[in-house]
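Read through the structure below, which is laid out as structure tokens, and then see the notes.
The values are calculated or read from the model by the stated rules, or taken from the named source; none is laboratory data. From a predicted model like this one, the values you see are computed outputs, not experimental measurements. Here Cβ is always computed from backbone atoms with ideal geometry, including for glycine, and neighbour counts include all displayed protein chains. Accessible surface is based on the protein model in full, side chains and every heavy atom, while ligands, DNA and RNA are left aside. Shrake-Rupley method; radii C 1.70, N 1.55, O 1.52, S 1.80 Å.
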Amino acid sequence: ANMLRLPFSAVVCALIGTVQRRQPPWRIERRCFGPLFLAGLVSMVSGLLYLNAIKLGGAGKTATLNASAPIFGLIGAILFLGERPTARNILGTLVAFLGVALVI
């Protein structure tokens, strides 16, 4: 499924970027190549690790842990990006946490 989902989303993002910037996506500044390559590499490694986790731990456990992504996303946004969470962000994270806790 990822073999179809990721290229499709890349094409959609490229189209949106082209429309918004009125510049083709292949015109990338030189200083952006390093971060783009690193992001692709990290994405590839994380996908392989996730598939390995499904194989070793089972789909039920892996899906439960994957549902905790909003929790870590909010914490990361606060710590690394300096964002201030809204009440909706906190409520959504609490709902995700309760869902994971109920499944466990």
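Considering only residues of segment 24-52 that are more than 26 Å from residue 66 (Cβ to Cβ) and surrounded by 11 or more Cβ atoms within 10 Å (Cβ to Cβ), which is modelled with the highest pLDDT? So that I can check it myself, show each step before the final result.
To start, the set of residues in segment 24-52 that are more than 26 Å from residue 66 (Cβ to Cβ) comprises 24-34.
Retained after the next criterion (residues that are surrounded by 11 or more Cβ atoms within 10 Å (Cβ to Cβ)): 25, 28.
Numbers: 25: 63, 28: 69.
Here the answer is 28.
Using the structure shown, decide if residue 86 is on the phi < 0 side of the Ramachandran plot, of a type in the set (Ser, Thr, Tyr) and in contact (Cβ under 8 Å) with a residue 12 or more places away in the chain. So that I can check it myself, show each step before the final result.
Working: on the phi < 0 side of the Ramachandran plot: yes; of a type in the set (Ser, Thr, Tyr): yes; in contact (Cβ under 8 Å) with a residue 12 or more places away in the chain: no.
Criteria not met by residue 86.
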Could you give me the residue pairs with C-beta distances under 7 Å whose first residue belongs to segment 46-74 and is without any contact (Cβ under 8 Å) to a residue 60 or more places away in the chain, whose second residue is open to solvent by less than 100 Å² (accessible area, probe 1.4 Å) and outside any helix (DSSP H, G or I) wherever it lies, and which are 6+ apart or on separate chains? 74/85
